[in-house]
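Since the structure comes first, as structure tokens, the remarks are kept for the end.
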């Protein structure tokens, strides 16, 4: 089996915490139902809430073929706010610390989370291993930003937050931590549902933010992940929007959402609601993705699984190759999106040129109709008196649009050159390991 800790593993491990952390013993197996089948992990460490503790957390490691835990790929996961007696959950509730995050402070639970991380690191170090991933949900998702910038920066693990809770947690970071987070966007992934957690005043801008619209529920999105990718078709089936959807997926999601939200707009037809939802998608996400881009991302995810299938982590060359292929896909999509955007702008300017020429011709025609006894020079002289001549209406306006068209065309050319340079550099990196490229070429080209 693959020993990779994926986003799907993190999400489903978090879901497992409150169901089992009270009763499961350290060293026991933890089974997760993943899209590619059941996978076994070993519980390395745990924190179970009690009268003096609100933190529920687990540290897990994949189980290798020989039955031993793979300490080179340890994940630490934190569940959301403990509800205590309000929802029949064991131990101290976490409402006070959730309130601290709500007003823009750092949750008091973070200290316990830090302690748990340090304890796990000590256990993993005894086995010459490493923590590769840390993830949190809800209140814990909020302080994942601090966790990434303070401890991920030092220890090199990737951090993921699911539907984070807490007002602008970026301000809980020191200037050094803020600078590091801005310079290392890949080290923190954030998935935000349109749930009540959005009312906590959280930001939507720092690091990779996956905005999920139409779900409404406060959860980890665990049923929608395939490895590290969200399955956009399953989301569309449930009427949910996510970044990087194709036009067909957006229209399907809009239609399915409209069927289940009739009470929101009782006097609007399903088809009209669907059209309105499509407009909301474009306003929120900006543009449809292409089928090619979507397929390339899926292939990249498949490639990761192939590389991990031999057990253990990735080699340095394999990591470079994956990062380079991802950058290449993103660069190509950026080029396509920029080309489409500039084409839209150029169409607006070209339409403006056409319209002003039509306006001038109509102006001349009407002037001749109304002043049929006047010569052309008398008509032009009269127009000049009211500053309504060819130069001010037609020539100067055309020059304005032509300058804009020239500027946009120049920017597009410069951008295309930049993308070409980026792709050339990426190709150089990939070709440094020809053997590796040859081994996995078939995965990407299939």
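The values are calculated or read from the model by the stated rules, or taken from the named source; none is laboratory data. Note that the structure is predicted; figures quoted are calculated from it, not measured. Cβ placement follows ideal geometry from the backbone for every residue including glycine, while neighbour counts extend to all protein chains displayed.
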For region 142-163, does any single residue satisfy the condition of being in contact with a helix residue (DSSP H, G or I) (Cβ under 9 Å, 6 or more places away or on another chain) and free of Cβ contacts under 8 Å to residues at least 12 places away in the same chain? no
Could you please let me know if residue 253 is outside the structural domain of residue 170 (by TED's automatic domain parsing), surrounded by 21 or more Cβ atoms within 10 Å (Cβ to Cβ) and under 30 Å from residue 16 (Cβ atoms)? yes
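Test of understanding: among 213, 195, 205, 186, which residue is closer than 24 Å to residue 132 by Cβ, assigned by TED's automatic domain parsing to the domain that holds residue 134 and under 17 Å from the mean Cα position of the chain (by Cα)? Working first, answer last.
Working: 213 fails: closer than 24 Å to residue 132 by Cβ; 195 fails: closer than 24 Å to residue 132 by Cβ; 205 fails: closer than 24 Å to residue 132 by Cβ.
Criteria check complete, one pass: 186.
In region 156-239, which strands (runs of 3 or more DSSP E) lie fully inside it and hold 3 or more residues that are surrounded by fewer than 20 Cβ atoms within 10 Å (Cβ to Cβ) and at pLDDT 95 or above?
Details: elements: 158-162, 188-193, 208-212.
Answer list for region 156-239: none.
Has region 50-61 got at least one residue that is without any contact (Cβ under 8 Å) to a residue 40 or more places away in the chain and assigned by TED's automatic domain parsing to the domain that holds residue 113? Give the derivation first.
Step one: list which residues in region 50-61 are without any contact (Cβ under 8 Å) to a residue 40 or more places away in the chain, which gives 56.
Within this subset, residues satisfying the condition of being assigned by TED's automatic domain parsing to the domain that holds residue 113 are 56.
Yes - at least one qualifying residue is present in region 50-61.
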Which of the residues that make up region 17-30 are loosely packed, with under 12 Cβ neighbours inside 10 Å and either without any contact (Cβ under 8 Å) to a residue 12 or more places away in the chain or not in a loop (DSSP other than H, G, I, E, B) (or both)? 19, 23
